[in-house]
Amino acid sequence: MGLTLAVDLGQRGVRCVLLERKEAPQFLPKMERCNARTMEIFRRMGIAAKVRAAGLRGDVPMDVYIVRALNQPPLLHHPYPSVDEARRQIDACNDASQPLEPYQLISQYTLEPLLKSVAESLPSVSVRYGCEFLSFEQDASGVTVRTKTSSLRAKYLVGCDGGGSVVRQQLGIALRGDGNLLRFRQALYRCDELFDRLPIGGGPGHGRHYHVADEHATFLIMQDSTRHWTLHATLEEDAAMAPQFEKAVGVPVKYDMLYVGEWKQNLLLADRFGEGRVFLAGDAVHLVIPTGGLGMNGGVGDAVDLGWKLAATLRGWGGPQLLASYGIERRQVGERNVAASRYASQGRRKWRSLWRNLDELVAVAEVEQRKSNEMIGAELGYRYEDSPIIAGEPGGPEHDFREYRPSTWPGARLPHAWLAGHVAIQDRIGPGFTLLNSGKADTRTLQEAFKGIPFGVLDIPDTARELYGYDLILLRPDLHVAWRGSRMHPEPRKLAALVTGH
Ligand SMILES: Cc1cc2nc3c(=O)[nH]c(=O)nc-3n(C[C@H](O)[C@H](O)[C@H](O)COP(=O)(O)OP(=O)(O)OC[C@H]3O[C@@H](n4cnc5c(N)ncnc54)[C@H](O)[C@@H]3O)c2cc1C
């Protein structure tokens, strides 16, 4: 999360220092899928193409299988589109139901060095690996940070230091929920021939996840190179991970086991997302089970919610409510993501517990496994409620993990729309506040009210107006709706003050 935030701040010209304890990025497996919303965010940062070039090829499907072993007929096969297919669907659709970008499979060990190099290219960002944070003290004007070798003074500190966050512990903020639910061993293998020889379904049965119906909750995940694979299983010994891989693959292949480690399933949320001048983001404040892929992706959401608010406050146009809104907005998303992850993992457990009765397992998994892989509502549909910087409306659509129902309800992400010439509306929206105007309203009073604040007006065609349902939509720099109306707000100054945190 730290690197995403550093890129966001750096692109806004904010001076910042990233402290990382590790000497260098490590080749250790963790997340592997950026969801559609994260890819939209990366597109706005101008790095989506780089991420795709470094990640999995666009033509490989993201199918999910349940198997006894790869050399046996699959018990269940859920096809999911490759990036190329998903893009074709997006290109052909203009009802706001699709994201602008498809997901992208990219292993965390590929993404981290990529983000690091982007952050290092930004003149206002200083990236310091091999630099361990030890402690901080905050006062009315800033934060003093102590590292192993020196001390630093900054206006704000953001703890993006993972599940064991020292920053969170120093703030005395507890994580609540269910910790240590299940322990897994995870191993990383290099196997050059498996991708082309995947025996499943007559072969090669290309896909992303291969769940083995067994007593060890075994599952095999293809990594971005298609030459690396990870296997997870509830096994006690490191040494058991090599034979388990061979058993899952079912045909003899040449491979090297590069790493074995342990990880635990947690469903935890912090009571608060910071205090005073110190904020927390990512796994430091929410730990979910990777089922559903809301961990890293949720953290990217934290980073872009906080980035513009920090920049605005440092530039002097952000009021006191702006930074205060960070915890209010992101904690509720964290809470919903923990719930979505619980819902998905309970589904997974349900079918897994039936491994002795494969007919029943298949019937249950047909419904329950989808909960892990069909989370588009949680990914795109999150909406900030009761935020002090959003002109809210009473009521609002239900939050749905599984389905995405496009909405411009205040607090929601602006649904994607194509404009003339197949230009995405997101690409026309600048880095500040933007008023979408269907052309009928006189926007001068609002422009006047935003004087000194990054602000622009974008005229939208009737097709987009129809999708959005309102003549005027005020967007924040992170593309969330701050206000909407069918005529100009009666008190533009009040509106500008509200959405900038005054
Ligand atoms: C097996 C597995 C699969 C996953 N799959 C997915 C997926 O597909 N999609 C998804 O969205 N998420 C997934 N996740 C979750 C995802 O990996 C995490 O949510 C994500 O890494 C969190 O990022 P973070 O930056 O908040 O924390 P971390 O990745 O833990 O990074 C924290 C960083 O802070 C550094 N640090 C810690 N303490 C200090 C200190 N005192 N001083 C300096 N530096 C310090 C650490 O070295 C580390 O680099 C998966 C997780 C696991 C375990």
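The values are calculated or read from the model by the stated rules, or taken from the named source; none is laboratory data. All values reported here derive from a predicted model rather than from experimental measurement. Cβ: placed from backbone, ideal geometry, glycine included. Neighbour counts: every protein chain shown. To get the accessible areas, we keep the full protein, side chains included, count just its heavy atoms, and leave off ligands, DNA and RNA. Shrake-Rupley method; radii C 1.70, N 1.55, O 1.52, S 1.80 Å.
For residue 385, indicate whether it is open to solvent by 60 Å² or more (accessible area, probe 1.4 Å) and closer than 19 Å to residue 80 by Cβ. In short, no. Within region 214-238, restricting attention to residues that are of a type in the set (S, T, N, Q) and assigned to a loop (DSSP other than H, G, I, E, B), the residue that is nearest to residue 250 (Cα to Cα) is 218.
Yes/no per residue for (1) surrounded by fewer than 18 Cβ atoms within 10 Å (Cβ to Cβ); (2) on the phi > 0 side of the Ramachandran plot; (3) at pLDDT below 95:
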{"site": "425", "(1), (2), (3)": "no, no, no"}
{"site": "442", "(1), (2), (3)": "yes, no, yes"}
{"site": "454", "(1), (2), (3)": "yes, no, no"}
{"site": "487", "(1), (2), (3)": "yes, no, yes"}
{"site": "499", "(1), (2), (3)": "no, no, no"}
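Here's a check for you: in region 389-404, which residue that is crowded, with 17+ Cβ neighbours inside 10 Å, out of contact with any strand residue (DSSP E or B) (no Cβ under 6 Å at 6 or more places or on another chain) and at pLDDT 95 or above is nearest to residue 62 (Cα to Cα)? This residue is 404. Residue 251 meets all of the listed conditions (1) of a type in the set (A, V, I, L, M, F, W, C); (2) modelled with pLDDT of 95 or more; (3) over 26 Å from residue 171 (Cα atoms) but one, namely (2). The C-beta contact set for region 25-36 (first residue more than 20 Å from residue 130 (Cβ to Cβ) and among the hydrophobic types (A, V, I, L, M, F, W, C), second residue within 7 Å of the ligand (Cβ to nearest atom) and modelled with pLDDT of 95 or more, distance under 7 angstrom, 6+ apart or interchain) comprises 31/108; 31/295; 31/296; 34/297. Meeting the requirement of 2 or more residues that are within 17 Å of residue 319 (Cα to Cα) and either touching a strand residue (DSSP E or B) at 6+ places or on another chain (Cβ under 9 Å) or of a type in the set (A, V, I, L, M, F, W, C) (or both), the helices (runs of 4 or more DSSP H) wholly within region 411-502 are 492-499.
Reported count of residues in region 38-95, each being surrounded by 16 or more Cβ atoms within 10 Å (Cβ to Cβ), out of contact with any Phe, Trp or Tyr (no Cβ under 9 Å at 6 or more places or on another chain) and of a type in the set (Asp, Glu), is 2.
Open to solvent by less than 10 Å² (accessible area, probe 1.4 Å), near the ligand (Cβ under 10 Å from one of its atoms) and on the phi > 0 side of the Ramachandran plot, is that true of residue 282?
Yes; evaluated as a whole, the condition is true for this residue.
Against the list (1) touching a Phe, Trp or Tyr at 6+ places or on another chain (Cβ under 9 Å); (2) outside any strand (DSSP E or B), the condition residue 189 fails is (2).
Of everything in region 117-127 that is surrounded by 13 or more Cβ atoms within 10 Å (Cβ to Cβ) and not hydroxyl-bearing (Ser, Thr, Tyr), the residue that is farthest from the ligand (Cβ to nearest atom) is 122. For residue 132, the criteria (1) touching a Ser or Thr at 6+ places or on another chain (Cβ under 8 Å); (2) crowded, with 20+ Cβ neighbours inside 10 Å; (3) acidic (Asp, Glu) hold in every case but one, which is (2). Report yes if residue 31 is more than 17 Å from residue 117 (Cα to Cα) and surrounded by 16 or more Cβ atoms within 10 Å (Cβ to Cβ), otherwise no. Spelling it out, residue 31 is indeed more than 17 Å from residue 117 (Cα to Cα) and surrounded by 16 or more Cβ atoms within 10 Å (Cβ to Cβ). For the condition free of Cβ contacts under 8 Å to residues at least 12 places away in the same chain and over 18 Å from residue 97 (Cα atoms), residue 451 qualifies.
Scanning region 161-174 for residues that are surrounded by fewer than 19 Cβ atoms within 10 Å (Cβ to Cβ) and either within 20 Å of residue 29 (Cβ to Cβ) or away from the ligand (no atom under 13 Å from the Cβ) (or both) returns 162, 163, 164, 172, 174.
Conditions (1) modelled with pLDDT of 95 or more; (2) within 15 Å of the ligand (Cβ to nearest atom); (3) more than 30 Å from residue 494 (Cβ to Cβ), marked per residue:
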{"position": "287", "(1), (2), (3)": "yes, yes, yes"}
{"position": "301", "(1), (2), (3)": "yes, yes, no"}
{"position": "310", "(1), (2), (3)": "yes, no, no"}
{"position": "322", "(1), (2), (3)": "yes, no, no"}
{"position": "350", "(1), (2), (3)": "yes, no, yes"}
{"position": "361", "(1), (2), (3)": "yes, no, yes"}
{"position": "376", "(1), (2), (3)": "yes, yes, yes"}
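Every condition in (1) within 21 Å of the chain's Cα centre (by Cα); (2) in contact (Cβ under 8 Å) with a residue 40 or more places away in the chain; (3) farther than 17 Å from residue 40 by Cβ holds for residue 378 except the one numbered (3).
Name the residue, out of 344, 340, 303, that is within 18 Å of residue 11 (Cβ to Cβ) and open to solvent by less than 20 Å² (accessible area, probe 1.4 Å). Spell out the reasoning first.
Numbers: 344 fails: within 18 Å of residue 11 (Cβ to Cβ); 340 fails: within 18 Å of residue 11 (Cβ to Cβ).
One residue alone meets the criteria, 303.
Report whether or not residue 386 is part of a loop (DSSP other than H, G, I, E, B) and at positive phi. The answer is yes for residue 386. The combined condition, being more than 8 Å from the ligand (Cβ to nearest atom) and of a type in the set (Gly, Ala, Ser), is fulfilled by residue 13. Residues in region 16-50 that are of a type in the set (A, V, I, L, M) and more than 8 Å from the ligand (Cβ to nearest atom): 17, 18, 24, 28, 36, 39, 41, 45, 47, 48, 49. Quick check: anything in region 300-315 touching a residue at least 40 places away in the same chain (Cβ under 8 Å), more than 22 Å from residue 145 (Cα to Cα) and basic (Lys, Arg)? No, that holds for no residue.
Among the residues here, residue 251 qualifies as away from the ligand (no atom under 16 Å from the Cβ) and either closer than 30 Å to residue 216 by Cβ or not in a loop (DSSP other than H, G, I, E, B) (or both).
Here is a yes/no grid of residues against (1) in contact (Cβ under 8 Å) with a residue 12 or more places away in the chain; (2) closer than 22 Å to residue 33 by Cα:
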position	(1), (2)
209	yes, yes
212	yes, yes
216	yes, no
228	yes, yes
232	yes, yes
240	yes, no
246	no, no
